[in-house]
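Right, one structure below, let's go through it.
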Amino acid sequence: MPSLKEVKTKIGGVKKTSQITRAMNMVAAAKLRGAQARMEDFRPYAEQFNAAMRNLSAGTGGANFPLMEVRDVRTVELMVITSDRGLCGSFNTHILRAAEKAVNRLEGEGKKVSLVCVGKKARNHFRRSGKIRQSYPDIMGTFQMFNARTIAQDAAANFLSGDADEVRVIYGRFHSVAVQRPEEFDLLPVKPVESSAGEAGGGSQAVYIYEPSQEEIMEVLLPMYLNVMVYHAMLEVSASEHAARMTAMDNATRACNDMIENLTLVYNKTRQAGITGELMDIVGGAEALK
Amino acid sequence: MATQIQLEVVTPKGAVISEQVDMVTAPGYAGVFGILANHAPLLSTIKVGSLVYKKDGRDDVMMISGGFCEVSNNKVTFLVESAERGTDIDIDRALRAKERAEKRLAEATAQQEKIDRARAEAALQRALARLKAAGQQA
């Protein structure tokens, strides 16, 4: 049986931990709201952008753009997007495991893999693998299109120079507050956007005036499209991170409370045992005096 | 026939404006162009500069950075990286940004800091556009 004092100290410690986890839970909840709002704000932009892309690529189907060039895939670049901070349950672990799997699969196919790590956790995980080509730690906290642009343009440059024949992104998709899953998508080469059947039938294919030419607009739009994709993935990851942390901290707080309950029970039992022991002594002593 | 056109300015941080206006003037790829109601469908790239829209005989100015614009069905949509109303522009801040960018441009050596240079140039352009938009608004 542990001593009374030990149990008391332990209870105090757990209580303090639960205070911290509760605070972190609330902070994460507040941040999640912000991240979700940003995702909402971004949606109209992304939708309009995709609509315009569809519109354009319908007219430029035949033309060749360097960013859309499909090559024999010998080298693949994986962009792994995680959060910067931990303490968010298995969120990052899931992404990193998915990334590991993808690396193994691609290398199994005889392809060379290089990594771009966005977020500190990805970098720390792959640090010793020697595959990292570029990493961007401490970037997830600032929501600036600028960051996404830097990353996207770097990937594009790497693709254009022929160092990577394909660029894939692995990130944590935000499905709901309770569910976040790692997902993968192809960033480069950019696939022509097919106009969905329903829309093509809509007959809204008005003749557009293009300024400059369709091809030149496409040249401008394609890099922007990459920015949009990367930015979107980063927003998803940040919302997922906060949601995951919220859940993790909620669980931690609950675990703390359970622990405190159990410890209190132990504490009371120990104290009662002590009192009973003392009483026995007194009674025993009194009996002996008779 | 409609006499007004719907103006929408959308940035990654959300829609900035959605209004019926009489006329829009924007910095296009080949120079500033104007759009009136019932304009033919158009798709154009946009440079950093001032977007002017006329409504009820009043001109309002907005600073926009690069992107593109689409006109269709009597609606003109600007998809730009950032947009700021002329009245919201912090002139002091823009002035400081301008000085900072100019200083950096002067210091940057040609080769070694190509990226910094491009960044500073973009910043300078934005600052100048802000100042201009603020000036036009006044």
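The values are calculated or read from the model by the stated rules, or taken from the named source; none is laboratory data. Every value quoted in this text rests on a predicted model; they were computed, and no experiment measured them. All Cβ positions, glycine included, derive from the backbone under ideal geometry; neighbour counts span all protein chains shown.
So is B:Arg104 free of Cβ contacts under 8 Å to residues at least 24 places away in the same chain, within 21 Å of A:Gln144 (Cα to Cα) and assigned by TED's automatic domain parsing to the domain that holds B:Gln125 or not?
It is false that B:Arg104 is free of Cβ contacts under 8 Å to residues at least 24 places away in the same chain, within 21 Å of A:Gln144 (Cα to Cα) and assigned by TED's automatic domain parsing to the domain that holds B:Gln125.
For B:Ser65, only one of the following conditions fails: (1) among the polar types (S, T, N, Q); (2) within 11 Å of chain A (Cβ to nearest Cβ); (3) surrounded by fewer than 20 Cβ atoms within 10 Å (Cβ to Cβ). What is its number?
(3)
Name the pairs whose Cβ atoms lie under 7 Å apart, with the first residue in the range B:110-128 and farther than 17 Å from B:Val48 by Cβ, the second modelled with pLDDT of 75 or more and not small (Gly, Ala, Ser), and 6 or more positions between them or separate chains?
These pairs meet every condition: B:Asp116/B:Arg104.
Is at least one residue of the range A:210-226 within 14 Å of chain B (Cβ to nearest Cβ), out of contact with any Cys (no Cβ under 8 Å at 6 or more places or on another chain) and modelled with pLDDT of 90 or more? Quick ask: steps written out before the conclusion?
The initial filter retains those residues of the range A:210-226 that are within 14 Å of chain B (Cβ to nearest Cβ), namely A:210-226.
Filter once more, so that each one left must be out of contact with any Cys (no Cβ under 8 Å at 6 or more places or on another chain): A:210-226.
Now drop any that are not modelled with pLDDT of 90 or more, which leaves A:226.
Scanning the range A:210-226, I find at least one residue that is within 14 Å of chain B (Cβ to nearest Cβ), out of contact with any Cys (no Cβ under 8 Å at 6 or more places or on another chain) and modelled with pLDDT of 90 or more, so the answer is yes.
Give the residue that is nearest to B:Ala127 (Cα to Cα), with candidates limited to residues of the range B:32-47 that are crowded, with 20+ Cβ neighbours inside 10 Å and facing chain A (nearest Cβ under 7 Å).
Going through the qualifying residues, I end up with B:Thr45.
Of the residues A:Arg33, A:Arg43, which single one is assigned by TED's automatic domain parsing to the domain that holds A:Thr150, surrounded by fewer than 16 Cβ atoms within 10 Å (Cβ to Cβ) and within 17 Å of the chain's Cα centre (by Cα)?
A:Arg33
Do the conditions hold for A:Phe146, that is, is it part of a helix (DSSP H, G or I), aromatic (Phe, Trp, Tyr) and crowded, with 21+ Cβ neighbours inside 10 Å?
For A:Phe146, the condition - part of a helix (DSSP H, G or I), aromatic (Phe, Trp, Tyr) and crowded, with 21+ Cβ neighbours inside 10 Å - is not met.
Show me the strands (runs of 3 or more DSSP E) entirely contained within the range B:1-71 in which 2 or more residues are closer than 21 Å to A:Tyr208 by Cβ.
In the range B:1-71, the matching strands (runs of 3 or more DSSP E) lie at B:5-11, B:23-28, B:31-36, B:42-46.
Any residue at all in the range A:239-254 that's closer than 20 Å to A:Met145 by Cα and within 12 Å of chain B (Cβ to nearest Cβ)?
Looking for residues that are closer than 20 Å to A:Met145 by Cα and within 12 Å of chain B (Cβ to nearest Cβ), one finds none in the range A:239-254, hence no.
Considering only residues that are part of a strand (DSSP E or B) and in contact (Cβ under 8 Å) with a residue 60 or more places away in the chain, which ones fall in the range B:72-83?
B:Lys75, B:Val76, B:Thr77, B:Phe78, B:Leu79, B:Val80, B:Ala83
Only one residue in B:Arg96, B:Arg104 is surrounded by 14 or more Cβ atoms within 10 Å (Cβ to Cβ) and out of contact with any strand residue (DSSP E or B) (no Cβ under 7 Å at 6 or more places or on another chain). Which one?
Answer to the check: B:Arg104.
Is it the case that the range B:112-119 has a residue that's at pLDDT 90 or above and within 28 Å of A:Pro223 (Cα to Cα)?
The answer is no, given that none of the residues of the range B:112-119 is at pLDDT 90 or above and within 28 Å of A:Pro223 (Cα to Cα).
Which residues, taken from the range B:5-19, are within 13 Å of B:Lys75 (Cα to Cα), of a type outside the set (A, V, I, L, M) and within 12 Å of chain A (Cβ to nearest Cβ)?
Correct list: B:Glu8, B:Ser18.
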